[in-house]
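The values are calculated or read from the model by the stated rules, or taken from the named source; none is laboratory data. Just so it is clear, the structure is predicted and the values come from calculations on it, not from any experiment. No Cβ is skipped: glycine too gets one built from the backbone with ideal geometry, and neighbour counts run over all protein chains shown.
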Amino acid sequence: MYVEEKEFSVSFNEAKRVIRFQGSMRLRNAKDFDSIKRLLNDARAFNYPQLTLDFRKLEYCNSSGLGIFAQFVVEAKKSARTQLVLQGSSEHHWQTRSLRTLERIWPDIKVIID
């Protein structure tokens, strides 16, 4: 599964159970993120024991995008079937702060900042 826009891309590697985000997500509202929401929900529907969201190459994400990730964490918490791992990079300051905030929604997720 793959979503590609002018400034960013999102890919899901089923074999590795990793969703990778790259580029800069500056979409205007939650509706603009529908294709990403579908990809996230489709990946979660596999009910893997663990699913990794790799944000290390995502340079920027606005509040609409962060809201989508928060909704995804809430939905994953409700089903409690899949352990989420969020990978971030200390090179992108927003990741350290925002990924830790997602951890507050569901303390069972694992946040790794390189």
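Assess whether GLN22 counts as being surrounded by 14 or more Cβ atoms within 10 Å (Cβ to Cβ), in contact with a Phe, Trp or Tyr (Cβ under 7 Å, 6 or more places away or on another chain) and polar (S, T, N, Q). Give the steps one after another, and end with the answer.
Values: surrounded by 14 or more Cβ atoms within 10 Å (Cβ to Cβ): yes; in contact with a Phe, Trp or Tyr (Cβ under 7 Å, 6 or more places away or on another chain): yes; polar (S, T, N, Q): yes.
Yes; evaluated as a whole, the condition is true for this residue.
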Return a yes/no flag: does the stretch 89-107 have any residue that is out of contact with any Cys (no Cβ under 6 Å at 6 or more places or on another chain), in a loop (DSSP other than H, G, I, E, B) and within 19 Å of GLU5 (Cβ to Cβ).
yes
Only one of (1) under 13 Å from the mean Cα position of the chain (by Cα); (2) within 21 Å of ILE113 (Cα to Cα) fails for PHE33. Which number is that?
(2)
Using beta carbons and a limit of 7 Å, which pairs, at least six apart or on different chains, have the first residue in the stretch 20-36 and more than 18 Å from PHE55 (Cβ to Cβ) and among the polar types (S, T, N, Q) and the second one surrounded by 15 or more Cβ atoms within 10 Å (Cβ to Cβ) and at pLDDT below 90?
ASN29/SER64
Hey, among the residues in the stretch 63-86 that are within 18 Å of SER24 (Cβ to Cβ) and surrounded by 12 or more Cβ atoms within 10 Å (Cβ to Cβ), which one's modelled with the lowest pLDDT?
SER64
